[in-house]
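Read through the structure below, which is laid out as structure tokens, and then see the notes.
Read the figures in this text as sums done on the coordinates, not as results from a lab. These numbers come from a predicted model, not from an experiment. For neighbour counting, all protein chains shown are included, and Cβ atoms are generated from backbone atoms with ideal geometry for every residue, glycine included.
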Amino acid sequence: MRCLPAFLVISALASVALFADTAEFRPVADTAIFQQEAPNNFGRQNSLPLGTVANQTASGRLLLRFDLSSLPFNAVITNVSLRITVLKQAQTPKAESVEAHQLLQPWGEGTKTGQLGALASAGEADWTDRLKGQAAWAGPGGQAGTDFATAASSSANLSVPANYTFNSTATLVADVQSWLQNPTNNFGWLLLNANESVRSSAKRVASREAAVTQQPLLTVSYSVPPPPPPVPQITHVALKSGLLELGFHAEADFIYTVSFREAVNVGVWQPLTNVVTRFQPADAVVTDPADQTGRFYQVSITGQAD
């Protein structure tokens, strides 16, 4: 007579199909910090200064933050790109590489408008303060390694007025993945010219207050693993015509393996048979001759049906 196991085991899936999708986000906060107008905030201005002006070495930098809370909490980020729109260039323009660096500190978007901004109020960002009256940047304009990551996450070459894309990189993907898992650390990116000593590289970049088609756009591709299937359990046992019947419920599109061994806690599980379900669930029944000594059984999921 065969013996039933005192416990059941579920094995790891050999492969799992992922659900893939793409989402688009526009900033929930953006502003500029401008060395030429160091005390000023640009939080509600529809075009923001980026790069170095012609008559001096004063530079503008952009701050952008996106709310990712609509993404599934268990999403695996696979591709990230950031698009910005240059609205205006310097009179003697120069194409320059612009880098996106992950911000490491919180900052205040502010509410000021005007081509040169307006004096920052409490809690707003300007060239010297990330939160006016509350917290200064570690260095004017933000300090690499403290206020923003030293290494760039991605870069793009900006020139004439047009749309430009910061293409996906492993670091850009890692930024978004980390913000999804730790949203309290999501401070966005700082955009700055790779070489701020080059004059006449200044641009005006559309902010979230600009026309919808010109606003910064973050595109995120991701995959989500499906929920695991229920743990299979042997629910039917019967002796019929010298055979031991073992029955269990099988969900669709999985490979189930029924295994046995001669002792409960000792020995290697030996496969008895596989059951493959496709397209729809099924109540499976497998048999084993009932003419040997005691044997213990388990059913486990060992793969996903093609």
With r as the distance between the Cβ atoms of Asn182 and Asn274 and R0 = 51 Å, compute the FRET efficiency 1/(1 + (r/R0)^6) and round to 0.05. 0.75
Footprinting proxy, Glu196, Glu245, Glu124, Glu37: sorted fewest to most Cβ within 10 Å, the residues are Glu245, Glu196, Glu37, Glu124
Please turn the phi angles of the range 195-212 into ³J(HN,Hα) values with the Karplus equation 6.51 cos²θ - 1.76 cosθ + 1.60 (θ = phi - 60°), one per residue in order, whole Hz, x for glycine and proline. 10, 7, 7, 7, 6, 6, 9, 5, 9, 10, 10, 5, 9, 6, 8, 6, 4, 3
Amide H of Leu243: which non-local residues (sequence gap of 5 or more, or other chain) have their own amide H closer than 5 Å, using H built in the peptide plane? Ala290
Residue order, fewest to most surrounding Cβ atoms within 10 angstrom, among His236, His249, His101: His236, His249, His101
Cα gyration tensor of the range 234-304, axes a ≥ b ≥ c as square roots of the eigenvalues: rounded (a/c below 1.5), prolate (a/b > b/c) or oblate? oblate
Scoring only Lys, Arg, Asp and Glu (+1, +1, -1, -1) among other residues with Cβ under 13 Å from the Cβ of Phe187 yields -3
According to a simple spin-label model (label point 7 Å from Cα along Cα-to-Cβ), what is the distance in nm between Asn55 and Ala170? 4.7
From Cα pairs below 8 angstrom and at least 6 apart in sequence, can you work out the relative contact order of the chain, rounded to a whole percent? 28
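Kindly state, to the nearest 0.05, the FRET efficiency for Ala290 paired with Val231, given R0 = 25 Å and r defined as their beta-carbon distance.
For Ala290 and Val231, the calculated efficiency is 0.45.
Below 24 Å Cα-Cα, how many Lys pairs turn up in the chain? Only count pairs eight or more apart in sequence, or on different chains, if you could.
5
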On C-alpha positions alone, give me the angle between the axis of helix 170-181 and the longest principal axis of the chain, in degrees, nearest 10. 70
Cα centroid of the range 186-209 to Cα centroid of the range 247-290, whole Å: 61
What FRET efficiency comes out for Asn74 versus Asp306 if R0 is 25 angstrom and r is the Cβ-Cβ distance? Round to the nearest 0.05. 0.55
What residue among Pro232, Pro161, Pro183 shows peak mean-square fluctuation when the chain is described by a Gaussian network model with Cα springs under 10 Å? Pro232
In terms of the Cα gyration tensor, with a ≥ b ≥ c the square roots of its eigenvalues, is the chain rounded because a/c is under 1.5, prolate because a/b exceeds b/c, or oblate? prolate
J(HN,Hα) series, the range 155-164, from Karplus relation 6.51 cos²θ - 1.76 cosθ + 1.60, nearest Hz, glycine and proline x: 8, 8, 8, 9, 9, 5, x, 4, 8, 9
Given H placed on each backbone N at 1.01 Å, which residues far from Ala194 in sequence or on other chains put an amide H within less than 5 Å of it? Ser97, Val98, Glu99
